[in-house]
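Heads up, the thing below is written out as structure tokens.
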Amino acid sequence: MMYSALKISTQKAEELALEHFNLKGKATALIGEIDLNFKIEINNTEGYILKISRPNEDCDYLDFQQQLLQYVSENDCHTVAPKVVMASNGKAIISFLDESGHIRQVRLLTWISGRIWSSVNPQLPELRYSLGEQCGKLTQALAGFDHEKAHRKFVWDIAQSDWTKEYLHLFEKEEKQIIHYFQNAFEQHQSSYEKLRKSVVHNDANDNNIIVSEDLLQPRVKATIDYGDAIYTQIINDVAITCAYAIMNHNDPLEAALPILKGYHKVFPLQEAELEHLYGAIAMRLAISVTKSAINKIEEPNNAYLQISEKPAWLLLKKWREISPDFAYFSFRGACGFTAHPNEEKFKNWATKQTFEVSNLFPSIQKNNIEKLDLSVGSTWVGHIKDMNNLDFFQFKIDQLQAQQPDKLIAGGYLEARSLYTSNAYDKIGNYGRESRTVHLGIDFWLPAKTPVHALFDGEVVVSVIDEGNKAYGGLIILKHHTATFDFYTLYGHLSEKSIAEKQVGQVLKKADCVGFLGNDKENGNWAPHLHFQMMLSLLDYKNDFPGVAYFNQIEVWKSVCPDPNSLFKSHILAENQQITNQEIIDYRKQYLGKGMSLQYKVPINIVRGSEQYLIDQFGRKYLDTVNNVAHVGHENYDVVKAGQAQMAVLNTNSRYLHENINLLAKELLETLPPELSVLHFVNSGSEANELAIRMATTFTGEKDVIASEVGYHGNTNMCVAISSYKFDGKGGSGVPEHTHIFALPDAFRGKYRGENTGELYAREVQEQIDVVHSNNKGVAAFIIEPIISCGGQIELPEGFLAKAYKAIRAAGGLCISDEVQVGCGRMGKTFWGFQLHNVIPDIISIGKPLGNGHPLAAVACTPEVAEKFANGMEFFNTFGGNPVSCAIGTAVLKTIKNEKLQEHALEVGNYLKDELSELAKDFSIIGDVRGQGLFLGIELVDANMGPLAAKTDYLANRMKDFGILMSTDGSDHNVLKIKPPMVFTKENADELLFYLRKVFGEDFMS
Ligand SMILES: Cc1ncc(COP(=O)(O)O)c(C=O)c1O
């Protein structure tokens, strides 16, 4: 039929609404529906949708849809679907003759306002949960409904999907294999699938049929629209369809499906038998979709709309094929509150009756007492990761422990999150950024190579292989065992090659037979000799391998599939769980630590280990750190750690004794400074450094008044707070103290003077404060400022400002202090110190954070004149400042910067990142400014009127954390993202950061 014969004008739609429904409104044709649907807008209502059928539409089919909607609205008190509006004649469907003389059917439904699912970004677990709830409510509301048309033949019904087999020839190679695999699997499970509960279901919760609320922070699903595909079929099919569409475009589709299922199950409980078919049903819906696309491509090659979901459907099908159907089934069970593995309870009951000694496993050892070894992420026994990866050292520590505990067997590790697995094979990019396999699924027994291992039960060898690769199993044997009601497996990892040569698949072992012998590091995957002993209730799809370590976010499933081997031995030492929860830590802090000590992030994280540019939580999740300029040369930099540990073991005392370390640190530091700044004092914190700097200035000048910048921060002591506008002008502050004089923040982007050539104007502001001091008949003691103002929002000082300000201050007799606590030690890239960017030489500089790489170490450098006058007879004593340990650490830090050329690295990576951030700013107009030097950058978010966007900045930092990237916000308006990572931050890290920034800037709340 010609398109013109279908067309209905908006005017006609308005007439129909008025004539038949007594509604006077404005009609707008809805796109994509060939002008058959119209939105009718009426003031003070949500509006309506007028649906006009094509000529010759099947009236029974329309009646089916109307009856269905009426049934839902009678049955359901929530708005889950549009409501049918009756015509003035009392009917749900009326008809009229169109201009071509065709009969057209008209229906009116209520409009549900909101956003279409496909336009919502991001689709977070809470939203997916609410999608599940919505679909569950709909199934519930449809219970008992039936109609003749619900029993039609329909290609989109998963139960009828066998029609796709006829079209298998449309596919080739991998795609053909995938479709064929799912079709076969579906066919094989037909008899149990047939028996599942059936009902009339919506059958098309695709991403254009779901309406989501307008709330951008906590969106929820409001309703499902378009009931044209409703059908009587297995209920699980509706869940499958909802999942199939909503999990497309997720890196980990199985994880993405679980909240949907949880939401659905909470409202409409699913049965275990139904869950068994969910994986296959999802696949078959996708198979229908790609088959339809392949047919459409032949029939209507130019209609791109018909192939819209083909690419994501294929992507998903390919990922879906990689997932073990059993693992998916167990995950679905877990999400619905069943034991993830169906035999978990049976195993537990059986295991309570078993009485084994560890010596049954190792009869040659004859020890049953356990010394539990803590290899968890934060374990101090593990210490530095580099040491742990040194086999000789690890073995030495094991031997030492064994010597201390000769009667005990060293063991442990079930469900322990470890960060020993540094190989990339343990990483993947999931739905929340990088994920690492960290949670250990078996018990490790640390015993010498060649120790024989014996079977605890009769069993059959099902795997006997050499699992090659660094940190793999090496020699691996898996035995299968039977009980009266279930089967299970035991896994023996890190055996010798000889053990594998001696055991063939199919071989039957009796209880107490020797399974094999522990391998040495050459044959056991490069580990200190030990047995990895694991139990499994399923082999999943593994043929020659089985994971011994799992992803933390799947742990509930894995611990059900791999029960605790200690359920056989019942050692109370192994059973002990000393892990403290985050909530317990928070609660203690709340009660016993000062309330002013804030925590970062809406959901705080428990960081237990640092490694280079990463911070790692107790579950082994690695966060890329873009914030910590304290861990300057990398978290737990090996040389720095070793320098501290070594000196700590020998001597740590105050600087009144002669010790070379303080001189060595002084020499390293002086190498980086201009000759004018040649005298050093060592202290313990940035605050102490500034405190001392101000004391020097007041001693030198005999004056008390200090000139400092608006929103400046210089530390937490009395004097430092008194010169920190960031504090005394901020929350809880009591305003500017008597001897402090604040000039306008020299911010050329959003400050009092904007744009280029503002250096002179801001320098005049400094002069004005000098004049104020003089007008009070006082003199200036000091001028203090950071070369890039950090807490103020990474504000770069305008060109020429600092030189002019210094000149004015000096003319007034004051001293110039550069606070280098944040910016110093090479971070600027172009220069080692921040003041060098401005071609000035201060009288005093304060050095803090980076100098100790996390150890409390700070310093003050000044001119000999200042030092001379400061030494007025009063002793300068500092209990900890300049102690041998701190100095050893500081020296190691400075040497590392030099040896690893970290200043040059900061310049290169920083410039790259800054350029790319500027590119990003072109695509996201809320990025008002990208600024900074080296690896000390800032991004300022503003609206079109230069208004600060604090909520968006905060949102961004929290979302970046969700993706495993730590960022922090600052600035007086809290609208600046600070980027100041450990200096070992790489270009690849910058790319990762940029990737996720782009992703989050694209989210709805950021627009
Ligand atoms: C610029 C600046 N100066 C001084 C300090 C104080 O250093 P600390 O916290 O080590 O006392 C800080 C701390 O953040 C700072 O950012």
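The values are calculated or read from the model by the stated rules, or taken from the named source; none is laboratory data. Just so you know, these numbers come straight off a predicted model, no measurement behind them. Note: ideal-geometry Cβ built from the backbone for every residue, glycine included; neighbour counts use all protein chains shown. These accessible areas exclude ligands, DNA and RNA; they are computed on the full protein's heavy atoms, side chains included. Shrake-Rupley method; radii C 1.70, N 1.55, O 1.52, S 1.80 Å.
Observations, loosely collected:
- Which numbered condition residue 427 fails, given (1) open to solvent by less than 20 Å² (accessible area, probe 1.4 Å); (2) under 30 Å from residue 553 (Cβ atoms): (1)
- Given (1) more than 12 Å from the ligand (Cβ to nearest atom); (2) over 22 Å from residue 861 (Cβ atoms), index of the condition residue 727 fails: (1)
- Which listed residue is touching a residue at least 24 places away in the same chain (Cβ under 8 Å) and open to solvent by 10 Å² or more (accessible area, probe 1.4 Å), from 941, 997, 949: 949
- Screening region 572-597 for residues that are exposed (fewer than 11 other Cβ atoms within 10 Å of the Cβ) and among the aliphatic types (A, V, I, L, M) and picking the one that is nearest to residue 730 (Cα to Cα) gives 597.
- Of all the criteria given as (1) surrounded by 16 or more Cβ atoms within 10 Å (Cβ to Cβ); (2) closer than 30 Å to residue 816 by Cβ; (3) over 30 Å from the mean Cα position of the chain (by Cα); (4) not hydroxyl-bearing (Ser, Thr, Tyr), the one not satisfied by residue 875 is (1).
- Helices (runs of 4 or more DSSP H) wholly inside region 725-820 containing at least 2 residues that are under 22 Å from residue 846 (Cβ atoms) and within 37 Å of the chain's Cα centre (by Cα): 725-728
- Any hit, region 373-387, residues being more than 21 Å from residue 575 (Cα to Cα) and open to solvent by 40 Å² or more (accessible area, probe 1.4 Å): yes
- Selection of first residues in region 818-829 that are open to solvent by 10 Å² or more (accessible area, probe 1.4 Å) and of second residues that are within 8 Å of the ligand (Cβ to nearest atom), restricted to Cβ pairs under 7 Å at least 6 apart or on distinct chains, gives the following pairs, ordered by first then second residue: 821/686; 821/689; 821/846; 821/848; 821/849; 822/786; 822/790; 822/849.
- Among the residues of region 264-287, not a single one is over 14 Å from residue 336 (Cβ atoms), under 23 Å from the mean Cα position of the chain (by Cα) and touching a residue at least 40 places away in the same chain (Cβ under 8 Å).
- In the set (1) within 38 Å of the chain's Cα centre (by Cα); (2) assigned to a loop (DSSP other than H, G, I, E, B); (3) at pLDDT 95 or above, residue 470 fails one condition alone, (3).
- Test set (1) under 27 Å from residue 852 (Cα atoms); (2) open to solvent by 10 Å² or more (accessible area, probe 1.4 Å); (3) part of a helix (DSSP H, G or I) - residue 984 fails condition number: (3)
- So residue 241, is it modelled with pLDDT of 95 or more, in a helix (DSSP H, G or I), open to solvent by less than 70 Å² (accessible area, probe 1.4 Å) and closer than 27 Å to residue 127 by Cα: yes
- Residues satisfying the stated conditions in region 703-724, i.e. more than 18 Å from residue 779 (Cα to Cα), touching a residue at least 12 places away in the same chain (Cβ under 8 Å) and more than 12 Å from the ligand (Cβ to nearest atom): 710
- Among the residues listed as 781, 722, the single one being of a type in the set (Gly, Ala, Ser) and surrounded by 22 or more Cβ atoms within 10 Å (Cβ to Cβ): 781
- Residue 150 crowded, with 17+ Cβ neighbours inside 10 Å, in a loop (DSSP other than H, G, I, E, B) and aliphatic (A, V, I, L, M): no
Quick grid of which residues meet (1) within 20 Å of residue 315 (Cα to Cα); (2) out of contact with any Lys or Arg (no Cβ under 7 Å at 6 or more places or on another chain); (3) in contact (Cβ under 8 Å) with a residue 60 or more places away in the chain:
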position	(1), (2), (3)
179	yes, yes, yes
183	yes, no, yes
190	no, yes, no
194	no, yes, no
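- Verdict on residue 196 being more than 18 Å from residue 243 (Cα to Cα), among the aliphatic types (A, V, I, L, M) and part of a helix (DSSP H, G or I): no
- Residue within region 416-429 that is of a type in the set (Gly, Ala, Ser), closer than 30 Å to residue 278 by Cα and touching a Lys or Arg at 6+ places or on another chain (Cβ under 7 Å) present: no
- Inter-residue pairs, beta-carbon under 6 Å, first closer than 16 Å to residue 980 by Cα and in region 843-864, second of a type in the set (A, V, I, L, M) and near the ligand (Cβ under 10 Å from one of its atoms), 6+ apart: 848/689; 848/821; 848/858; 849/630; 849/821; 851/857; 854/630
- Within region 501-516, the set of residues being surrounded by fewer than 22 Cβ atoms within 10 Å (Cβ to Cβ) and within 13 Å of residue 450 (Cα to Cα) comprises just one member, 514.
- Residue satisfying all of: in region 433-456; open to solvent by 20 Å² or more (accessible area, probe 1.4 Å) and at pLDDT 95 or above; farthest from residue 529 (Cα to Cα) among these: 454
- Residue that is farthest from residue 814 (Cα to Cα) [pool: residues in region 730-764 that are more than 16 Å from the ligand (Cβ to nearest atom) and among the β-branched types (Val, Ile, Thr)]: 758
- Strands (runs of 3 or more DSSP E) (entirely within region 1-110) containing at least 2 residues that are open to solvent by 50 Å² or more (accessible area, probe 1.4 Å): 26-29, 94-97
- Close pairs (7 angstrom Cβ cut-off, 6 or more residues apart or separate chains): over 17 Å from residue 639 (Cα atoms) in region 383-394, open to solvent by less than 40 Å² (accessible area, probe 1.4 Å) anywhere: 391/528; 394/388; 394/528
- Contacts under 7 angstrom Cβ, first residue in region 667-689 being under 16 Å from residue 843 (Cα atoms), partner open to solvent by 20 Å² or more (accessible area, probe 1.4 Å) and within 16 Å of the ligand (Cβ to nearest atom), 6 or more apart: none
- Options 966, 920; residue that is closer than 16 Å to residue 627 by Cα, in contact (Cβ under 8 Å) with a residue 12 or more places away in the chain and open to solvent by less than 20 Å² (accessible area, probe 1.4 Å): 966
- Tally, over region 821-864, of residues that are within 12 Å of the ligand (Cβ to nearest atom), small (Gly, Ala, Ser), under 30 Å from the mean Cα position of the chain (by Cα) and assigned to a loop (DSSP other than H, G, I, E, B): 1
- Residues in region 648-702 that are among the hydrophobic types (A, V, I, L, M, F, W, C), in a helix (DSSP H, G or I) and either touching a Lys or Arg at 6+ places or on another chain (Cβ under 6 Å) or away from the ligand (no atom under 16 Å from the Cβ) (or both): 648, 662, 664, 665, 666, 669, 670, 700.
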